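> Okay, handing you the structure first.
The values are calculated or read from the model by the stated rules, or taken from the named source; none is laboratory data. Predicted model, so just to flag it, every value in this text is computed and none were measured. Using ideal geometry, Cβ is built from the backbone for each residue, glycine included, and neighbour counts are taken over all protein chains shown. Remember, those area values only see protein heavy atoms, side chains included, never the ligands or the DNA or RNA. Shrake-Rupley method; radii C 1.70, N 1.55, O 1.52, S 1.80 Å.
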Amino acid sequence: MTQTRKKLVFSWVLILAMVISVISPGSALFVNAEETYDGYVYVTVERFTLGQGLAAEPKKIGYKKTDSMADILKRGFGEQLITSESAYGTSVDGFNDGGEPEGWTTENIPSKIIDAAGIDNIGQRKEKTIISAADHDYTSDAYFAQIINNKYAMVDVSGLKVDDDNEEDASHYHDGSVFRISYSIYGWGADSVDTGFGTPLFDFPDKDELIRQIVDYSGDKNQVLYKNAVSVLEDWDATKEEVDEAQAALEKVNRFTTIYNDSLNNFKSGLTSPSYGNEWAVLSIARSGLSDEQWNYSYIDNVTKSVKEKGTSVLDTSGWSYATENARLIIGLNAAGGNPADVAGYNLLEPLADYKKVSGQGVNGIIFALIAFDTKGYDIPELKSTDGEQATKEKLINGILAAEVKDGGWAYFGDTADVDLTGMAIQALAPYYADNENVAASVDRGLDFLSNAQDKSGAFNNYDNKLTSDSTAQVVSALSALGIDADTDSRFVKDNGSALDALLSFYDSSKKSFKASIDNEDINAYSTVQVLYALTAYDMMQNNKGRLYDMTKVHQHKTSVKNVKESTCTAAGYTGDVICDDCGKTLKKGEEIEKLPHTPVEIPAIAPTETEAGKTAGKKCSVCGEIIEAPKDIPATGKKEDATTEAPKVEDKKETLSNNYKVTSNDAANPSVEYT
């Protein structure tokens, strides 16, 4: 360790503070979304020899098989990286890092480098925002050492080409390679890596895998775990043990995050419209923050329709009158932002106010009634029936405590504690653990039982004495409710792993779901949803977001329908959007309503006249006036001939036609002729 630079001491109990975020961005991935790449390399620009840490956030940069390392660096850093060309190729001359870290002095330079270099006087930068080798900043031996896969690169960046078949070659890179640009002030890189030209200044540990884990880390980068890992990376003389420890811790977080995110997203993709019966899935997805308001409301809307169809606030219609049916809906609705006190006009809390009904299902009914009431800190409604027994929080708590078996823990029946029910009982009692001595003592005995019941693999047996993800999930949920880390608490870490390790071991990466047991090759939907809410409970605990079932901060929507538009015969209508009156968010988009049909009336016909054209009958809409059937023109009739017109006179017929007739009668009174 350097004499001037304080390192954060690693105590990996600090994993308690690790954070796994479902929606936080992943690695610093610098690629063009429209491009397809053949692989990726991890790149760092380091100032560790000066005690100045990283010059930029480490990056994962996509490459094509025709790319040299110079092309990759240009893609990832652009004009930040300063290079020059010569007969020998492309050289890295400088980097725009924005300037020296605040508070940095030459005292931060590792004394071992100062002593080896025999430097009496450390210079300054020529340009404040650029660290330059070409300008010989700090020392005359300033140089950017290039390290590929923990080896001193034998070629310049333009000569470093891809070779996926030779991963040990210091002249090529491959998919997953780590390329480090290290600012050197002594021995042309001897203060950064074993150059092969002499004795290295320090036995430098391989930091490549740590770099990969840092870049791929998708948790909260403000948390101690991540900052400690970066501190080890930046520590010039970090030991192999420190590097391995930091790497392993991040690797575990990254594995958790990958499994959690992939399985949660996969499950949600198959549940586009959650409905009555999907409560545990809604709990996981809504509480994780993965869902959006529209998805949540689709569940609320579908449940409302189902309850309306049932026509009662007592949801279980099997004849057994299971109180857990109501409790489950209350949990799901509150997770989604609904109001279980008013679902289609029914108050789902009221049936749980009857302690006789709740306890009639055994301690399981009492457990879930208490959890349901505590989701929002509800006051228990006044019992309306005279046949029942008024439930109170105290009565529910005492009912659970009274059901504890002799040696600690809880059972569905008999005197032998059951892992699943013990886990559920602890989750119900967790809000009272700190302030109620009787609760604390009972819960502690339950924890002792669970610790003793844990298998060496870290998993837990179910009622049938089989190691299952379901039972293990209940334990992880219970521990998370108490703020106990299922991965690091010594009571729950056995020979082959922790309770969290065991839970993740049931994961099938090819199907992005969980198996019920290790021996079962098939994934199980019911087991998957239990594991998901256990992982959500663990994630929330790590993120200081409270308990899984504490939904007092979940916004409860008060909705109204806005933007309604009635249909007309000229324009389509709109059903309206469901909008929360308090937060203003649109919970459900409306739908278009088809235009109304026209209301036809007859357009009277117009008879034509001698001078005016007429029209046939037509049709129009009596509402909007639009012509439905246009009348057609009928031509005017025109003038008719007069029937009394005299025939032409033929007085001179004899003269004009004398040569063309013969007399057929010479009777003077009635002469006749025949024309020819």
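> Rounded to the nearest 0.05, what FRET efficiency do D519 and K305 give with R0 = 56 Å and r taken as the Cβ-Cβ distance? Could you check?
In this case the efficiency is close to 0.85.
> What's the magnitude of the charge dipole for segment 181-298 around its Cα centre, counting Lys and Arg as +1 and Asp and Glu as -1 at the beta-carbon? Answer in Debye, nearest 20.
620
> Also, quick follow-up: Cβ neighbours within 10 Å, averaged per peptide: list 548-557, 326-335, 203-212, 162-171 in order, most packed at the top.
By packing density, highest mean first, the sequence is 326-335, 203-212, 548-557, 162-171.
> Rounded to two decimal places and with Rh computed the Kirkwood way over Cα pairs, what is Rg over Rh for segment 507-570?
My calculation of the ratio gives 1.32.
> Treating only the Cβ of Lys, Arg, Asp and Glu as charged (+1, +1, -1, -1), what charge dipole size does the chain show about its Cα centre? Round to the nearest 20 debye.
Computed charge dipole of the chain: roughly 1780 debye.
> I would also like to ask the following. Starting from the amide H of Y173, placed 1.01 Å from N in the peptide plane, find each other amide H under 5 Å away whose residue is 5 or more places distant or on another chain.
K161, V162, D163
> From the helices alone, meaning DSSP H stretches of at least four residues, give me the mean residue ellipticity at 222 nm for the chain, per-run term -39500 (n - 2.57), in deg cm²/dmol to the nearest 500.
When only DSSP H runs of four or more count, the value is -9500 deg cm²/dmol.
> Let me ask something else about it. Helix 419-429: angle to the longest alpha-carbon principal axis of the chain, degrees 0 to 90, nearest 10?
Orientation of helix 419-429: about 80 degrees from the principal axis.
> Could you work out the relative contact order of segment 459-601, using alpha carbon pairs under 8 angstrom and six or more residues apart, expressed as a whole percent?
Across segment 459-601, relative contact order equals 16 percent.
> Using square roots of five times the C-alpha gyration tensor eigenvalues, list the equivalent-ellipsoid semi-axes of segment 252-296 in whole Å, biggest first.
21, 10, 9
> When the chain is fully extended, how far beyond the present Cα-Cα distance does E612 get from M154, taking 0.36 nm per residue of separation?
Fully extending the segment from E612 to M154 adds 154.6 nm.
> List the residues of segment 99-117 whose backbone N lies under 14 Å from a point placed 7 Å from the Cα of D135 along the Cα-to-Cβ direction.
Those under the cut-off are 99-100.
> Calculated FRET efficiency, E602 and V561, Cβ-Cβ r, R0 51 Å, to nearest 0.05?
For R0 = 51 Å, the calculated efficiency reads 0.80.
> Please compute the contact order of segment 485-559 in relative form: average sequence separation of alpha-carbon pairs under 8 Å and at least six residues apart, divided by the residue count, as a percent.
Dividing the mean separation by the residue count of segment 485-559 yields 16 percent.
> Also, quick follow-up: Using amide H atoms built in the peptide plane, which far-off residues or other-chain residues are under 5 Å from L315 H to H?
N326
> OK, next. Got a number for carbon plus sulfur as a percent of the chain's accessible area, 1.4 Å probe?
Answer for the chain is 47 percent, counting heavy atoms of protein chains only.
> Modelling each spin label as a point 7 Å along the Cα-to-Cβ direction, I'd like the K456/D244 distance in nm, to one decimal.
It works out to 2.3 nm between the two label points.
> Please state the charge dipole magnitude for segment 425-469, taken about the Cα centre, from unit charges on C-beta atoms (+1 on K and R, -1 on D and E), reported in debye and rounded to the nearest 20.
Approximately 220 debye in magnitude.
> Something else: Taking 0.36 nm per intervening residue step and subtracting the Cα-Cα distance, what contour gain separates E594 from D435 on full extension?
51.2 nm
> Among K221/K494; K268/K595; K268/K376; K356/K545, which pairs are too far apart, with a Cα-Cα distance over 28 Å?
Where the Cα-Cα span goes over 28 Å, the pairs concerned are K221/K494; K268/K595; K356/K545.
> So how tilted is helix 240-269 from the main axis of the chain? Cα-based, degrees 0 to 90, rounded to 10.
20
> Compute the distribution of all C-alpha to C-alpha distances in segment 366-422, in bins of 10 Å from 0, and list the percent of pairs in each, rounded to whole numbers.
Reading the bins upward from 0: 21, 43, 28, 8.
> Kindly state, to the nearest 0.05, the FRET efficiency for D444 paired with E167, given R0 = 56 Å and r defined as their beta-carbon distance.
Efficiency, rounded to the nearest 0.05: 0.60.
> Apply the a/c threshold of 1.5 to the C-alpha gyration tensor of segment 151-203 and tell me whether it is rounded, prolate or oblate.
prolate
> If you take the alpha carbon radius of gyration of segment 522-626 and divide it by 2.2 N^0.38 Å, what ratio comes out, to two decimals?
2.33
> Ok, one more. Heads up, I need the accessible area for R491: 1.4 angstrom probe, whole protein in place, Å², nearest 10.
Accessible area, nearest 10 Å²: 90 Å².
> Run through all the Cα pairs of segment 330-431 and give the fraction in each 10 Å bin from 0, expressed as whole percent.
Using 10 Å bins, I get a P(r) of 15, 45, 30, 9, 1 for segment 330-431.
> Ok, one more. What translational diffusion coefficient, to the nearest whole µm²/s, does segment 112-232 have by Stokes-Einstein, given a Kirkwood radius computed over alpha-carbon pairs, a temperature of 37 °C and 0.692 mPa s viscosity?
For the chosen part, D equals 202 µm²/s.
> A further question follows. Kirkwood hydrodynamic radius of segment 70-128 from all distinct Cα pairs, in Å?
14.3
> Given N residues in segment 35-182, what is Rg(Cα) / (2.2 N^0.38 Å)?
Output field value: 1.08.
> Put +1 on the Cβ of each Lys and Arg and -1 on the Cβ of each Asp and Glu in the chain; which of V224, F373, L479 then has its Cα farthest toward the positive end of the dipole?
F373
> Something else: Using 0.36 nm times the number of residues separating C569 and S273, minus their current alpha carbon distance, what extension gain do you get?
Contour length minus Cα-Cα distance gives 103.2 nm.
> Using the scaling law 2.2 N^0.38 Å as the reference, what is the normalised Cα Rg of segment 441-525?
Output field value: 1.06.
> Which whole-number percent is the relative contact order of the chain (Cα, under 8 Å, 6+ apart)?
Relative contact order, the chain: 9 percent.
> Give me the percent of Cα-Cα pairs in segment 188-291 that sit more than 23 Å apart, rounded to a whole number.
48
> Something else now. Helix 393-402 against the longest principal axis of the chain: what's the angle in degrees, Cα atoms only, rounded to the nearest 10?
50
> Let me see the P(r) profile for segment 466-589: every Cα-Cα distance counted, bins of 10 Å, each bin given as a percent of all pairs.
12, 28, 21, 15, 13, 7, 2, 0
> For the chain, with every protein chain kept in place, what is the accessible area per residue (1.4 Å probe, Å²)?
Per-residue accessible area for the chain comes out at 50 Å².
> Once the Cα gyration tensor of segment 339-495 is diagonalised, what are the square roots of 5 times its eigenvalues, in whole Å and ordered largest first, as equivalent ellipsoid semi-axes?
Square roots of five times the eigenvalues give 30, 16, 15 Å.
> Distances over 39 Å make up what percent of all Cα-Cα pairs in the chain?
More than 39 Å apart: 56 percent of the Cα pairs in the chain.
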